[in-house]
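The values are calculated or read from the model by the stated rules, or taken from the named source; none is laboratory data. Just so it is clear, the model here is predicted, and its values are computed rather than measured. Please note: Cβ atoms are built from the backbone with ideal geometry, for glycine as well, and neighbour counts cover all protein chains shown. Calculation scope for accessible area: heavy atoms of the full protein, side chains included, ligands and nucleic acids excluded. Shrake-Rupley method; radii C 1.70, N 1.55, O 1.52, S 1.80 Å.
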Amino acid sequence: IQLKKGEKAGRLMFVVAARNGNEWGGSMSNYAVYSDDHGVTWNVSSMSACSNGDEAKVVELENGDLLMSIKNRNKGSRLMARSYDQGVTWTNAVVNSNLNDPACNGDVISYEADGKYYLIHSMPASTTTRENVTVYLSLDGGQTWPISREVYHGYSAYSVLQVLDDGTIGIIVEEGKWDDNLPGDDGFELAYYNFTLDWLTDGEDTYTLPD
């Protein structure tokens, strides 16, 4: 992402999972990596946000703080950490019981419409199995995710979100499975869907294109 708020507006940032040892499948720590010179040089956060996380995403909140959403390798619920200095230091990641996570990659983005600042998260809607990829909506900076709509019903895994120029949201979803312990043939197909804020909120909120 590129930060838009605060004294470090313009900062480029992404998250890495760094292995803590040589053992395959061992613990990994999540760090923010950032650049203030358009990618010429890069720095790493002075501390990790999680000592046993994996594929993570970062999003900027309305007040300029940052939220890191982290894959929970133990399954159950999503792990989340926050930064109050634009990515240099992070709180220790804690479980957010409002968002399920079957140990899967997902995506989280910010979305602004008619004076409201939303977070939209895509994840499989299960605590155990990669299935039923769903989009969730938060209006309180990721504390709670009270609104959800299923995008695909059935085995499904990774997803990625993008706000488009017309205010709609695009999502790409891996549909299928790779686990031999589940019934059916292994293999993913990539599918693209497009949805609106109106659909996500069941007509409560609507995005209006600026003049």
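When residue 127 is tested against the conditions (1) more than 27 Å from residue 65 (Cβ to Cβ); (2) surrounded by 17 or more Cβ atoms within 10 Å (Cβ to Cβ); (3) among the hydroxyl-bearing types (Ser, Thr, Tyr), the lone failure is (2).
Let's see how each residue does on (1) part of a loop (DSSP other than H, G, I, E, B); (2) open to solvent by less than 20 Å² (accessible area, probe 1.4 Å); (3) of a type in the set (S, T, N, Q):
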residue: 56; (1), (2), (3): no, yes, no
residue: 59; (1), (2), (3): no, yes, no
residue: 64; (1), (2), (3): yes, yes, no
residue: 70; (1), (2), (3): no, yes, no
residue: 81; (1), (2), (3): no, yes, no
residue: 85; (1), (2), (3): yes, no, no
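Please determine, by comparing only the residues of region 35-45 that are at negative phi and open to solvent by 20 Å² or more (accessible area, probe 1.4 Å), which one is nearest to the chain's Cα centre (by Cα). Give the derivation first.
Initial filter on region 35-45 (at negative phi): 35-37, 40-45.
Those still in the list that are open to solvent by 20 Å² or more (accessible area, probe 1.4 Å) too: 36-37, 40-44.
Details: 36: 23, 37: 25, 40: 26, 41: 25, 42: 22, 43: 22, 44: 20 Å.
Out of the qualifying residues, it is 44.
Restricting attention to region 127-144, does a residue exist that is of a type in the set (Lys, Arg), touching a strand residue (DSSP E or B) at 6+ places or on another chain (Cβ under 9 Å), modelled with pLDDT of 95 or more and in a strand (DSSP E or B)? Taking every residue of region 127-144 in turn, none turns out to be of a type in the set (Lys, Arg), touching a strand residue (DSSP E or B) at 6+ places or on another chain (Cβ under 9 Å), modelled with pLDDT of 95 or more and in a strand (DSSP E or B). Within region 164-191, residues that are at positive phi and in contact (Cβ under 8 Å) with a residue 12 or more places away in the chain have Cβ atoms under 6 Å from residues that are surrounded by fewer than 17 Cβ atoms within 10 Å (Cβ to Cβ) and in a strand (DSSP E or B) in these pairs: 176/187; 176/188; 176/189, counting only partners at least 6 apart in sequence or on another chain.
If you check 45, 77, 29, 69 for being small (Gly, Ala, Ser) and farther than 25 Å from residue 117 by Cβ, only one passes: 29. Within region 145-161, the set of residues being in a strand (DSSP E or B), closer than 18 Å to residue 198 by Cβ and of a type outside the set (Asp, Glu) comprises 147, 148, 149, 161.
If you check 112, 204, which single one turns out to be open to solvent by 40 Å² or more (accessible area, probe 1.4 Å), part of a strand (DSSP E or B) and either farther than 22 Å from residue 77 by Cα or in contact with a strand residue (DSSP E or B) (Cβ under 7 Å, 6 or more places away or on another chain) (or both)?
Residue meeting the stated conditions: 112.
Mind counting the residues in region 157-194 that are open to solvent by 90 Å² or more (accessible area, probe 1.4 Å) and under 27 Å from residue 117 (Cα atoms)?
So the first thing to find is which residues in region 157-194 are open to solvent by 90 Å² or more (accessible area, probe 1.4 Å), and the list is 162, 165, 178, 180-181, 183, 185, 189-190, 192.
If we keep only those that are under 27 Å from residue 117 (Cα atoms) too, we end up with 162, 165, 192.
Matching residues across region 157-194 total 3.
In the set 98, 132, 105, only one residue is open to solvent by 50 Å² or more (accessible area, probe 1.4 Å), farther than 30 Å from residue 209 by Cβ and of a type outside the set (A, V, I, L, M); that residue is 98. Checked against the criterion of being crowded, with 18+ Cβ neighbours inside 10 Å and over 25 Å from residue 77 (Cβ atoms), the candidates 197, 137 yield just one match: 197.
Taking the condition of a type in the set (Phe, Trp, Tyr), under 11 Å from the mean Cα position of the chain (by Cα) and assigned to a strand (DSSP E or B), does residue 117 pass?
Considered against the rule, which asks whether it is of a type in the set (Phe, Trp, Tyr), under 11 Å from the mean Cα position of the chain (by Cα) and assigned to a strand (DSSP E or B), residue 117 comes out as no.
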